[in-house]
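What follows is calculated from the coordinates using simple rules that are stated; it is not laboratory data. This one's a predicted model, so the numbers in the text were calculated from it and none came from an experiment. Positions of Cβ are backbone-derived with ideal geometry, glycine not excepted, and every protein chain shown enters the neighbour counts.
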Amino acid sequence: MKMSESIDALAKALAAAQAEIENATKGSINPHFRSKYADLAEVLNTTRPILSKFGLSIVQMPGFEDGKVSVETVLMHESGQWISNTLLGPCMKMDPQGVGSAITYYRRYSLAAFAGIAQEDDDANEASQTNANRQPAVYINKTQLKRIENAVSECSPAVQKKFETDYPDASKMTVDVYDSIVSSLESAAKKYQERKSQDNAA
């Protein structure tokens with residue numbers, strides 16, 4: 001782990017943020033979320049507002065070299081103080097989707113560790129399987145794709161851009177992540193549209 005020369009202000013802010021993140025995580029119930037762990041979108045939705053509240057922000061920078069995926073996570077404080085760590089591991093499926101999935105997996109674990117969130121890992125077996133043992137990917141159908149596209153169209157430009165970066169071809173989204181992603185998008189869309197209505201009424 002690397003850090004700035006001093007992290008006293010960052011440590012104080014992180015301690016305060018983690019107390020609230022823990023409560024938010026324990027109290028969060030997603031009726032569409034059937035897995036036993038929070039996916040990356042869920043961890044981001046839970047942590048970002050609270051980290052921001054205490055002057056904290058997260059930057060995650062992925063890398064890929066020699067068949068290994070890396071994710072450097074930097075936690076920064078508004079004072080300029082920072083800490084960082086890099087998670088490096090294998091990528092079992094050597095194609096763009098496989099690399100992307102591994103990066104998402106490592107981002108989730110790094111972010112959860114920085115935020116102090118403990119997770120039941122029922123996808124660890126899937127992440128460690130060899131290509132021969134993997135089940136064929138099952139992609140979303142046209143109805144599910146249309147719902148995703150409708151939700152994205154109602155979100156803020158920033159959310160739209162992030163989604164397009166993560167899923168340049170939304171039809172290749174797999175069914176195992178669909179429920180949590182569409183739920184997060186529809187929640188973000190609802191909040192954005194409510195803010196727009198309030199701004200227009202003001």
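Below is a table of values for the structure above.
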{"read-out": "Cα-based Kirkwood hydrodynamic radius, the range 137-202, one decimal, Å", "value": "12.4 Å"}
{"read-out": "Whole-Hz ³J(HN,Hα) from phi, Karplus 6.51 cos²θ - 1.76 cosθ + 1.60, for the range 91-105, glycine and proline x", "value": "10, 7, 10, 8, 9, x, 5, x, 5, x, 5, 5, 4, 4, 4"}
{"read-out": "Spin-label pair Gln97/Tyr139, simplified geometry with 7 Å Cα→Cβ offset, distance in nm", "value": "0.7 nm"}
{"read-out": "Placed amide H near Met173: partners under 5 Å, 5+ positions off or other chain", "value": "Ile140"}
{"read-out": "Contour minus Cα-Cα distance for Lys190 and Lys68 (0.36 nm per residue)", "value": "40.1 nm"}
{"read-out": "Ala201 paired with Glu164, simple spin-label distance in nm, labels 7 Å along Cα-to-beta-carbon", "value": "3.1 nm"}
{"read-out": "Distance from the range 1-22 to the range 52-70 (C-alpha centre basis), Å", "value": "17 Å"}
{"read-out": "Integer Hz, Karplus 6.51/-1.76/1.60 couplings in order for the range 5-14, x for Gly and Pro", "value": "4, 10, 9, 5, 5, 5, 4, 5, 5, 5"}
{"read-out": "Protection-proxy order for peptides 146-158, 179-191, each taking the mean of Cβ atoms within 10 Å per residue, highest first", "value": "179-191, 146-158"}
{"read-out": "Amide H contacts of Phe64 (H built 1.01 Å from N, under 5 Å, at least 5 apart or other chain)", "value": "Ser70"}
{"read-out": "Calculated from backbone phi, Karplus (6.51, -1.76, 1.60) coupling profile of the range 148-162 in Hz, x at Gly/Pro", "value": "4, 4, 5, 5, 4, 5, 9, 8, 5, x, 5, 5, 4, 5, 5"}
